[in-house]
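Take a look at the structure set out below.
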Amino acid sequence: MTTYNWDLIEHLLHEVQNGAAHFTPRPFAEQYAAQKAAQGEETENLDHLKTVAGEYEKLLLLRGYIEPRPEEQGGTGANYILTLRGSRLLSLIDSSIPGNDHPRQVLDEQDDALEELTFDEVASKAQIA
């Protein structure tokens, strides 16, 4: 069973959504760790978080959660936009939305929640939200 750091994924997806000019997961992992520390929460080893953030970037791209920003929208080859699947994922795990724990729990119960067919099936169920 694959487990994910939903908070880190949420942070990365927000950076994509906010139109980061140059998507760099390692510094975003540092920002994430600093935010968690400022909130008094413990974080994983920073080097590990940076590695995981880079792996998540690849996974999100390969599995269709993010895609390169088109040139006509300011794409540079180093920035992304959310796909419909990515937007759906962000809406499910967004910590600013009350009740986000249930969708995260449902996702955690899957063998690999970010596998495309699994995610699409789970996300299509109204009761997850």
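The values are calculated or read from the model by the stated rules, or taken from the named source; none is laboratory data. Quantities reported herein were computed from a predicted structural model and do not represent experimental measurements. Positions of Cβ are generated from backbone atoms using ideal geometry, with glycine treated the same way; all protein chains shown enter the neighbour counts.
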Checklist entry - In the range 88-119, which residue that is closer than 21 Å to Met1 by Cβ and exposed (fewer than 13 other Cβ atoms within 10 Å of the Cβ) is modelled with the lowest pLDDT? => result Asp101
Checklist outcome for this item: For the range 34-58, the count of residues that are touching an Asp or Glu at 6+ places or on another chain (Cβ under 8 Å) and of a type in the set (Phe, Trp, Tyr) equals 0
Checklist entry - Taking Asn45 and the conditions (1) more than 17 Å from Trp6 (Cα to Cα); (2) more than 16 Å from the chain's Cα centre (by Cα), which numbered condition does it fall short on, given that it satisfies the others? => result (1)
Next on the checklist: Show me the helices (runs of 4 or more DSSP H) found entirely inside the range 39-127 where at least 2 residues are of a type in the set (Lys, Arg) and within 20 Å of Gly19 (Cβ to Cβ).
Outcome noted: 84-93
Next on the checklist: Condition first: among the aromatic types (Phe, Trp, Tyr) and within 10 Å of Leu49 (Cα to Cα). Now tell me which residues in the range 11-36 satisfy that.
Outcome noted: Phe28, Tyr32
Next on the checklist: Looking at Leu60, Leu92, Leu84 in this structure, which one is in contact (Cβ under 8 Å) with a residue 40 or more places away in the chain and not polar (S, T, N, Q)?
Outcome noted: Leu60
Item to check | Subset of the range 70-86 [surrounded by 15 or more Cβ atoms within 10 Å (Cβ to Cβ) and either of a type in the set (A, V, I, L, M, F, W, C) or at pLDDT 90 or above (or both)] | outcome: Tyr80, Ile81, Leu82, Thr83, Arg85, Gly86
Next on the checklist: Looking at the range 30-37, can you tell me whether even one residue there is modelled with pLDDT under 90, under 23 Å from Asp111 (Cβ atoms) and of a type in the set (A, V, I, L, M)?
Outcome noted: no
Item to check | Condition check for Leu12: touching a residue at least 40 places away in the same chain (Cβ under 8 Å), touching a strand residue (DSSP E or B) at 6+ places or on another chain (Cβ under 7 Å) and in a helix (DSSP H, G or I) | outcome: no
Next on the checklist: Take the conditions touching a helix residue (DSSP H, G or I) at 6+ places or on another chain (Cβ under 8 Å) and not β-branched (Val, Ile, Thr) and apply them to Gly86. Does it pass?
Outcome noted: yes
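This table checks each residue for (1) in contact with a helix residue (DSSP H, G or I) (Cβ under 8 Å, 6 or more places away or on another chain); (2) over 19 Å from Ile93 (Cα atoms).
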residue	(1), (2)
Tyr4	yes, no
Leu8	yes, no
Gln17	yes, no
Arg26	yes, yes
Ala29	yes, no
Thr43	yes, no
His48	no, yes
Glu55	no, no
Checklist entry - For Met1, all conditions in the list (1) under 16 Å from the mean Cα position of the chain (by Cα); (2) surrounded by fewer than 18 Cβ atoms within 10 Å (Cβ to Cβ); (3) in contact (Cβ under 8 Å) with a residue 40 or more places away in the chain hold save one; what is the number of the exception? => result (1)
